[in-house]
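The values are calculated or read from the model by the stated rules, or taken from the named source; none is laboratory data. Predicted, not measured: the structure shown is a model, and the values here were computed from it. Quick reminder, even Gly has a Cβ in these numbers, built from the backbone with ideal geometry, and neighbours come from all protein chains shown. Note: accessible area is taken over every heavy atom of the protein model, side chains too, but ligands, DNA and RNA are not part of it. Shrake-Rupley method; radii C 1.70, N 1.55, O 1.52, S 1.80 Å.
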Amino acid sequence: MEQSNKAHRKTKEKNTAKKVLHSQGHNAKAFAVSAPGKMARQMLRTSDVNERKLHVPMIDRTPDDDPPPVIVSVVGPKGTGKTTLIKSLIRRLTKASISEVNGPITVVSGKRRRITLIECPADDLNAMIDIAKISDLVLMMIDGNFGFEMETMEFLNLAQHHGMPRVIGICTHLDLFKSQSTLRASKKRLKHRFWTEVYPGAKLFYLSGVLNGRYPDREILNLSRFISVMKFRPLKWRNEHPYLLADRITDITHPEIIEKEGIKVDRKVALYGYLHGTPISSTPGTKVHIAGVGDYSIAHIEKLPDPCPTPYFQQKIDDYEREKLKEELANGGTPASTVPKRRKRLENKDKLIYAPMSDVGGVLMDKDAVYINTGHGKNKIESFVPGEEKGEGEKLVTNLQSAEKSISERFDGVGIQLFSNGTELQEVNEDNDNLSESDIEEDVIQGEDQGRTTMRKAKVYSKSTQNEDGDIDNINSEDEDGMEEEGYNSTRKPKLVDIDFHSKNDELAYGTDSEFELSDQEDWQQASAKKLKSQFNARRKWDITKLIYMDNISPEECIKRWKGESQNADSEESDIEDEEEEDFFKKKDGTLASKHNYGADLERFVPYFDTIEKLVSKWTNNKSLKSRFIGAPLANAQEEKGEEVEVEENSDGELYGDFVDLENAESSKESKDEEQESAQEKGDEDNASDDSFADFDKEEKEELTVAQQREMNASKKEKLRLQFEMEEGENFKENDPDNEYDTWYELQKAKIAKQLDINNAEYEKMTPEQRQSIEGFKAGSYVRIVFDNVPMEFIENFDPQVPVVMGGLLPTELKFGVINARLRRHRWHKKILKSNDPLVLSLGWRRFQTLPVYTTSDSRTRTRFLKYTPEHTYCTASFYGPLCSPNTPFCGVQVVSNSDTTGSFRISATGIVEEIDASVEIVKKLKLVGYPYKIFKNTAFIKDMFSSAMEVARFEGAQIKTVSGIRGEIKRALSKPEGCYRAAFEDKIIMSDVVILRSWYPVQIKRFYNPVTSLLLKNKTEWKGVRLTGKIRFERSLETPMNNDSAYKKIERQERHFNGLKVPKSIQRDLPFKSQIHQMKKQKKKTYMQKRAVVLNGEEKKARATMQQVLTISRAKDEKKRAKKDDQRKERLKRLAKAEEEKSQKDKEKKKEYFSKHGKKRNNDDDEFSSSKRRK
């Protein structure tokens, strides 16, 4: 029975809390974040840390195979232990002791790393600036007992504005602390101050003391390991410029020049050192800057062998030699020696040191000489003394010094014997060519073989004897006489040597002007003859588009070469007489060919062409035309069958007559194939753009294996891919959000790496000579750079302790102009800077003095002149000097000489270049003041503002204003008096008003540039440039001249009386009540207070006097009581303080006594309690 009532609806499944938690397949609460705010802060901090790690992607131009040494500079004030640290590091790295530290010292610190240690002079600001520009790592020496000094802060600020290098702090003199608590507090204070100046977390080493003249070995070991593994990122300025730290300087001026012109003559100087940064051009004339000397052009540059190679470089050489030995073994040869394998660790023999200025080792090697230090000098033990040698090396040197004769003296009088039965030739007589026949015959009659008395004449090989007999019979008698005059007689061999090419027993001879018949023997002589024949048969094709631009040939020769009529003068043609040269222009019928003069003006030149009859007779068939075109078709079937092919006569054929082709068809075919290949190679050279595409049709005809075809196709694809990437670049899909690069930073790095791979691929295709001519000398090369016309003071006043830095200049940096920069006074410099005061700027490689003008932008409408720099903000500085790329930081100092330096901070300004070669218009506000002398309604006549009508005409229409605020305009100049003008105002002015004209006066930038040439001085720290007038007066004790107009005077202003406001009564009546003027009338009668008078009698006077006396005594007593209470309070406070101090001292003693007794037991109990808790 069906249900009659309506069925109930299904109950809905309720979403309980448990179901909601498990709706995503797992318990969401179990994986929820307990502290969302903390996690958000942690994620934000992580992202900030990752962003701070990022920097602008930059190409690292340092070569990987042989990088330059890392420049490690040791900087610090005097007495902080710089020299001791360098000696300790050298002892640790090379096991060598050095007595004196001078100049750069290069040592090997690892398998692939070298470091150059250099000490920065503490008292030379110029040297500190140069060191800050080139240092890769700075070891900042800090006196831990004294703290940070001014030199340390100055160098850190210099380094920050020249590309901050890596900085390691080293604290010394820590052994002077007596208390450990004071030492710990001092270390903590120094560490946090160092972190503030460098960056939080900067490394700071602590050197405890000095043992045996060096720092402890364990501390130096830790420092050297830290230096050896440190990584360096490229800095922008150094990654764009080549630079060199000179480790050796030599004066190579010829002594004769110095003797002739005196010691004041300019010198020729050679600098030696490792190149850093980008490659430097190998062409002479490259402009560079020597810091402290000036700009110079490189006269000569060459690469020298590395004096301090790394073990990795030596290992590469060993691997190359080992590969050569393997090739010899594979070819069946026996190697002369084996190359030992090097160990992974650094051996003692690999720990090299190179310090030419410090005279390490006593031997100095140059390009063309070896200098040996014999020990003469102050505090030096004499070495290389005969009989007192200290080793095998000194013994060899003393044996060389004791040689009785030099090499030239030993070989003096020794001749050369060419033949065993000949005589010894002592010298060559230059007049042998002029010997007569009688002299030659006498030598022959005597029977003495004196050897060759004249220069050997090259033999000219003629044609085969079958074709030459007729030509020899036709030789004129004049030719025979000429042969006899040249030293040939009947007993000597003739000039022309007969060669019978059909003789198979004779050896094949070689000649440049003859044709050969190949024999069946396949040896190297036949191959060489075949090659020479192909060169002979190949007609040289000249390109007319290149010939017309060649300056070394005449237009006549140009036309001859283009038409194929030019004769190449070989060595054999030098013996041909003038009569034979006339035969050059003879036709076969004996008539002289008409010569056309093409040496005239080519604009008026009438081209010469042969007639059609001559052309038809000359070109009888099209086979001779094939050699005129590049890529001639293959030989036809008739040529392949063996028929003789007609060969065009060569340019030398006209000299010796017609040549008859006696070769077979096979040799002719081979010569033509080689001729086509040479022509195609020449065409490929002319069209360099087509060398990447191969001749596919030709390759299809060749029979190749499958592997060879695959290899060829792969090389084609790779070549095409490289060409496409060079032209179009790789598609990095920058706009595609789904590309493989997660961040923009990774994308830029990928682009840079790809471009670097393309460049390296192109460089690898070149030969080393081509790469050097294009790229130059790479970083890491040890080079010798020669400069001409260097001032003699550079050599005479050379100090090895002062670094010599050479920096390369870009083309932009060779120009001079106005530079706009953003500048700010340094916050530690005491005085503000004044415009047009001399300032020494360190910009790029240069240090120069200039006169900057400080400006500001006035609402971006005008550039206003500032007399002084702002207090705590940037301003714009415009100065004249060498241009430098924008965004280049710089710093400025006012004085660099130590005599003018006070104890204050010397770096006065820092800034960054914004615009170069700018034409800036700087204006200065000038207020002109005038006074009215006649006033009309809204017009007035103004005086004392201008001095002439011309000046008024210049300012017609200018806006003026009175002190009271009434505006006006200059209308016209008045005829009389001179300089007065008529002005119109918006209201009537009064006679006491002062009229002001605000004008703008242009300020010109002074074009002053004075390079700092500190290295030319004997005292490098006393360079003084342009000084202020006030400083010169102060040094010479001169009084400042007084100008009365500039003196400050007391301004006496008359008090002005203004009339009262008078309002007419008619207006007053119409005013509302609130605005009515209420004026009180003057009081005529005296008031009660004015009228009353107080008169005291005698008793009242006595009573008042008594009260005054009593009050005075009372106040005095109160003052005494107050003073006494103050004294008592002070005594009480003293007693309380003393009691508190005694109580604290007793508490300390009690605590010390208590913890000395119960401290150990208490700790054990705590440990047991904690361990029991853990067990539970």
What tally of residues in region 1053-1084 results from selecting those that are at pLDDT 85 or above, open to solvent by 100 Å² or more (accessible area, probe 1.4 Å) and part of a loop (DSSP other than H, G, I, E, B)? 2
By my count, strands (runs of 3 or more DSSP E) wholly in region 831-900 with at least 1 residues that are touching a Lys or Arg at 6+ places or on another chain (Cβ under 7 Å) and closer than 30 Å to Y243 by Cβ are 839-843, 875-882, 889-893
Might you let me know whether region 834-846 holds any residue that is farther than 14 Å from P1011 by Cα and crowded, with 19+ Cβ neighbours inside 10 Å? yes
Checked against (1) open to solvent by 70 Å² or more (accessible area, probe 1.4 Å); (2) without any contact (Cβ under 8 Å) to a residue 12 or more places away in the chain, T767 satisfies every condition except (1)
Only one of these is over 30 Å from S224 (Cβ atoms) and at pLDDT 75 or above: N5, N15, N50, N102. Name it. N50
For region 119-128, check the following and say yes or no: at least one residue is farther than 22 Å from V804 by Cα and either touching a Pro at 6+ places or on another chain (Cβ under 8 Å) or part of a loop (DSSP other than H, G, I, E, B) (or both). no
Can you tell which of S992, S999 is in contact (Cβ under 8 Å) with a residue 24 or more places away in the chain, of a type in the set (G, A, S) and either open to solvent by 30 Å² or more (accessible area, probe 1.4 Å) or not in a strand (DSSP E or B) (or both)? S992
Filter region 894-932 down to residues that are surrounded by fewer than 19 Cβ atoms within 10 Å (Cβ to Cβ) and not small (G, A, S), then give me how many there are. 19
Anything in region 205-214 that is surrounded by 15 or more Cβ atoms within 10 Å (Cβ to Cβ) and in contact (Cβ under 8 Å) with a residue 60 or more places away in the chain? List them, or say none. Y206, L207, V210, R214
Just to verify a result, which residue in region 215-251, among those that are farther than 21 Å from S781 by Cα and in contact with a strand residue (DSSP E or B) (Cβ under 6 Å, 6 or more places away or on another chain), is surrounded by the fewest Cβ atoms within 10 Å (Cβ to Cβ)? D251
State yes or no: is R771 outside any loop (DSSP other than H, G, I, E, B) and more than 17 Å from the chain's Cα centre (by Cα)? yes
Suppose the filter is basic (K, R) and under 14 Å from L139 (Cβ atoms); does K231 pass it? no
Being assigned to a helix (DSSP H, G or I) and among the β-branched types (V, I, T) is the filter; apply it to region 774-818 and report the residue that is nearest to P356 (Cα to Cα). I795
Within region 837-848, is even one residue out of contact with any Gly (no Cβ under 8 Å at 6 or more places or on another chain) and aromatic (F, W, Y)? no
Cβ pairs under 6 Å, 6+ apart or interchain, first in region 785-805 and in the same structural domain as L125 (by the TED database), second among the hydroxyl-bearing types (S, T, Y) and open to solvent by 10 Å² or more (accessible area, probe 1.4 Å), ordered by first then second residue, are none
Wholly within region 154-269, which strands (runs of 3 or more DSSP E) include no fewer than the required count, namely at least 2 residues that are modelled with pLDDT under 90? none
Listed by first then second residue, the pairs whose first member lies in region 40-54 and is touching a residue at least 40 places away in the same chain (Cβ under 8 Å) and at negative phi, whose partner is open to solvent by less than 100 Å² (accessible area, probe 1.4 Å) and aromatic (F, W, Y), with beta carbons under 6 Å and at least 6 positions apart or on separate chains, are L54/Y745
Can you find even one residue in region 174-196 that is open to solvent by less than 40 Å² (accessible area, probe 1.4 Å) and under 27 Å from the mean Cα position of the chain (by Cα)? no
Of residues in region 85-118 being of a type in the set (S, T, N, Q), assigned to a loop (DSSP other than H, G, I, E, B) and under 27 Å from the mean Cα position of the chain (by Cα), the one surrounded by the most Cβ atoms within 10 Å (Cβ to Cβ): S109
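When you check L1096 against the structure, is it part of a loop (DSSP other than H, G, I, E, B), surrounded by 10 or more Cβ atoms within 10 Å (Cβ to Cβ) and either not assigned by the TED database to the domain that holds M991 or not hydroxyl-bearing (S, T, Y) (or both), yes or no?
In short, yes.
Which members of region 61-78 meet the condition of being outside any strand (DSSP E or B) and surrounded by 13 or more Cβ atoms within 10 Å (Cβ to Cβ)?
Hits for region 61-78 are R61, T62, P63, D66, P67, P68, P69, G76, P77.
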With respect to P36, determine if the residue is surrounded by fewer than 11 Cβ atoms within 10 Å (Cβ to Cβ) and either at pLDDT below 90 or at negative phi (or both). yes
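Using the structure shown, decide if H254 is crowded, with 16+ Cβ neighbours inside 10 Å and either among the hydrophobic types (A, V, I, L, M, F, W, C) or outside the structural domain of W845 (by the TED database) (or both).
It is false that H254 is crowded, with 16+ Cβ neighbours inside 10 Å and either among the hydrophobic types (A, V, I, L, M, F, W, C) or outside the structural domain of W845 (by the TED database) (or both).
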Tell me yes or no: at least one residue of region 916-929 is at negative phi, in contact with a strand residue (DSSP E or B) (Cβ under 9 Å, 6 or more places away or on another chain), free of Cβ contacts under 8 Å to residues at least 60 places away in the same chain and not in a strand (DSSP E or B). no
Being open to solvent by 40 Å² or more (accessible area, probe 1.4 Å), of a type in the set (F, W, Y) and under 27 Å from F155 (Cβ atoms) narrows it down to one of Y874, Y868, so name that one. Y874
